[in-house]
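For reference, the structure discussed in these notes is given below.
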Amino acid sequence: MSDTAPQERPIPRLLSLVAGLADAPPGCARIAFALAYGLLCHAIFAAAVLAMGWALWNGMTVSLGTVPWPWAALANAALLLQFPILHSALLNGRGASLPARAIPGPWGRTLASTSYTIFASLQLLALFALWTPSGVVWWRAEGWALWAVGAAHLASWLFLMKSNLDAGAELQSGALGWMSLAQDRRPHYPDMPVTGLFRVIRQPIYVGFSAVLWTVPVWTPDQLVLALGLTAYCVIAPRRFKERRYLARHGERFARYLATHPYMLPGRPGRKDL
């Protein structure tokens with residue numbers, strides 16, 4: 001398939017997967033487990049997103065972390081580092097096989113994408129819920145500035161959501177695994193994304209995630225450290241890991257996409273520098 005070949009549109013593909021649940025083959029135990037695992041996945045995912053949204057909107061001044069200072073600095077550093085390290089480890093090398101082994105038995109491989117989403121969501125939840133605030137506030141938006149920053153923050157979230165939809169909402173949300181198990185079929189992973197925001201840049205998800213970090217109405221030392229650390233990961237990791245993985249998987253097709261689409265900012269096409 002060429003990089004210009006028509007792809008399945010993300011919304012119809014997702015709706016088709018959901019509709020298949022109504023005609024799932026018999027198997028009470030299989031279906032019950034799939035539904036329970038899916039409920040667990042989406043509950044943790046929602047909790048992580050809510051914790052992230054609330055913590056960022058408040059400049060990392062609200063959380064459950066109560067580690068005394070100066071030990072809190074070490075605890076926060078560990079929370080910050082665990083996300084990029086484990087997030088990449090579970091997608092690359094030997095660690096990529098761990099999500100498929102999270103559930104013993106024949107269902108583990110089918111549920112791999114759901115298991116990965118659970119792991120990633122738990123990481124985000126830990127980072128934003130267990131952070132110990134410094135208590136220092138540098139700036140808090142008020143009046144027109146609050147409205148302007150709020151609009152930018154909302155736009156960043158919408159951009160992030162759109163990029164996840166373009167990449168395959170069923171995969172990004174963890175629904176692909178458990179819905180495939182419920183229907184007793186192998187997961188149909190979305191093709192290499194080249195439509196939607198991926199027509200403009202190669203890494204819109206990481207751009208959206210970074211934008212969410214920087215468009216906040218409260219700035220603290222905590223927020224700055226978090227934004228710098230996670231943005232550095234968003235800039236470095238896709239080129240170093242994700243794009244190499246895609247090149248190995250899709251070969252010349254991804255190489256052509258790589259050469260004709262910019263990395264993160266619209267402009268000149270990127271170089272084949274993997």
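Can you confirm whether residue 260 is surrounded by fewer than 14 Cβ atoms within 10 Å (Cβ to Cβ) and either at pLDDT 90 or above or in contact with a Lys or Arg (Cβ under 6 Å, 6 or more places away or on another chain) (or both)?
yes
In the set 106, 133, which member is free of Cβ contacts under 8 Å to residues at least 24 places away in the same chain and part of a loop (DSSP other than H, G, I, E, B)? Spell out how you get there, then give the answer.
Details: 133 fails: free of Cβ contacts under 8 Å to residues at least 24 places away in the same chain.
On inspection, the qualifying residue turns out to be 106.
For the stretch 1-92, which helices (runs of 4 or more DSSP H) that fit wholly inside it have 2 or more residues that are at pLDDT 90 or above, of a type outside the set (Asp, Glu) and more than 22 Å from the chain's Cα centre (by Cα)?
On the way: elements: 10-19, 28-57, 71-89.
In the stretch 1-92, the matching helices (runs of 4 or more DSSP H) lie at 28-57, 71-89.
Here's the yes/no breakdown for (1) farther than 30 Å from residue 37 by Cβ; (2) touching a helix residue (DSSP H, G or I) at 6+ places or on another chain (Cβ under 7 Å); (3) not in a helix (DSSP H, G or I):
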site	(1), (2), (3)
210	yes, yes, no
226	yes, yes, no
237	no, yes, no
241	no, yes, no
264	yes, yes, yes
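Of the conditions (1) out of contact with any Pro (no Cβ under 8 Å at 6 or more places or on another chain); (2) among the small types (Gly, Ala, Ser); (3) more than 17 Å from residue 172 (Cβ to Cβ); (4) surrounded by 14 or more Cβ atoms within 10 Å (Cβ to Cβ), residue 77 satisfies every one except a single condition; which number is it?
Of the numbered conditions (1) out of contact with any Pro (no Cβ under 8 Å at 6 or more places or on another chain); (2) among the small types (Gly, Ala, Ser); (3) more than 17 Å from residue 172 (Cβ to Cβ); (4) surrounded by 14 or more Cβ atoms within 10 Å (Cβ to Cβ), the odd one out for residue 77 is (4).
Residue 84 versus (1) surrounded by fewer than 19 Cβ atoms within 10 Å (Cβ to Cβ); (2) out of contact with any Phe, Trp or Tyr (no Cβ under 6 Å at 6 or more places or on another chain); (3) within 22 Å of residue 221 (Cβ to Cβ): which is the lone unmet condition?
Evaluating residue 84 over (1) surrounded by fewer than 19 Cβ atoms within 10 Å (Cβ to Cβ); (2) out of contact with any Phe, Trp or Tyr (no Cβ under 6 Å at 6 or more places or on another chain); (3) within 22 Å of residue 221 (Cβ to Cβ) leaves (2) as the failure.
Restricting attention to the stretch 97-143, and to residues there that are aromatic (Phe, Trp, Tyr) and touching a helix residue (DSSP H, G or I) at 6+ places or on another chain (Cβ under 7 Å), which single residue is farthest from residue 83 (Cα to Cα)? Outline the logic, then answer.
First, the residues of the stretch 97-143 that are aromatic (Phe, Trp, Tyr): 107, 116, 119, 128, 131, 138-139.
Still in the running and touching a helix residue (DSSP H, G or I) at 6+ places or on another chain (Cβ under 7 Å): 107, 116, 119, 128, 131.
Details: 107: 26, 116: 13, 119: 10, 128: 11, 131: 13 Å.
Among them, the one singled out is 107.
Taking residue 216 as meeting all but one of (1) in a loop (DSSP other than H, G, I, E, B); (2) out of contact with any helix residue (DSSP H, G or I) (no Cβ under 9 Å at 6 or more places or on another chain); (3) closer than 24 Å to residue 53 by Cβ, write down the number of the exception.
Here residue 216 meets the rest and fails (2).
Would you mind stating whether residue 211 is free of Cβ contacts under 8 Å to residues at least 24 places away in the same chain and buried (at least 18 other Cβ atoms within 10 Å of the Cβ)? Can you show your working first?
Values: free of Cβ contacts under 8 Å to residues at least 24 places away in the same chain: no; buried (at least 18 other Cβ atoms within 10 Å of the Cβ): yes.
No; evaluated as a whole, the condition is false for this residue.
Yes or no, residue by residue, for (1) part of a loop (DSSP other than H, G, I, E, B); (2) modelled with pLDDT under 95; (3) surrounded by 14 or more Cβ atoms within 10 Å (Cβ to Cβ):
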| position | (1), (2), (3) |
| --- | --- |
| 142 | yes, no, no |
| 158 | no, no, no |
| 163 | no, no, yes |
| 184 | yes, yes, yes |
| 187 | yes, yes, yes |
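Conditions first: (1) under 17 Å from residue 57 (Cβ atoms); (2) part of a helix (DSSP H, G or I); (3) not aromatic (Phe, Trp, Tyr). Residue 169 passes all but one, so which condition is the exception?
Residue 169 satisfies all of (1) under 17 Å from residue 57 (Cβ atoms); (2) part of a helix (DSSP H, G or I); (3) not aromatic (Phe, Trp, Tyr) except (1).
The values are calculated or read from the model by the stated rules, or taken from the named source; none is laboratory data. Keep in mind that this is a model prediction, so the values were computed, not measured. Every residue, glycine as well, gets a Cβ built from its backbone with ideal geometry; the counts of neighbours run over all protein chains shown.
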